[in-house]
């Protein structure tokens, strides 16, 4: 019997005034990789993995491409960041649906 494989899902957020985009790669399940795509050279800088859920439709990229706003949820209390990703608001209890 063949195993069913689910392909990864990609979500791209383009900067309005720069030739860069943020690429969120979901999969394997409960893992998301944060990447930067330089569209002028068509190269991708692979970033760190996040164990949890990033809500792609609630994310945005600054017009100059320097800052990414993410709505990320995880059961883990602490995450190891590699220095390129900085948490501005952490451990804030916010209802994702605004109730």
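The residue pairs whose first member lies in region 23-43 and is at positive phi, whose second member is part of a loop (DSSP other than H, G, I, E, B), and whose beta carbons are closer than 9 Å, counting only pairs six or more residues apart or on different chains, are 27/6; 27/7; 27/8; 30/52; 30/74.
Within region 2-18, being touching a residue at least 24 places away in the same chain (Cβ under 8 Å) and farther than 16 Å from residue 46 by Cβ holds for 13, 14, 15, 16, 17, 18. Picking from residues in region 1-26 that are touching a strand residue (DSSP E or B) at 6+ places or on another chain (Cβ under 6 Å) and in a loop (DSSP other than H, G, I, E, B), the one that is nearest to residue 73 (Cα to Cα) is 8.
None of the figures in this text is laboratory data; all of them are computed from the coordinates on show. Nothing here was measured: the structure is a model prediction, and the numbers come from that model. For neighbour counting, all protein chains shown are included, and Cβ atoms are generated from backbone atoms with ideal geometry for every residue, glycine included.
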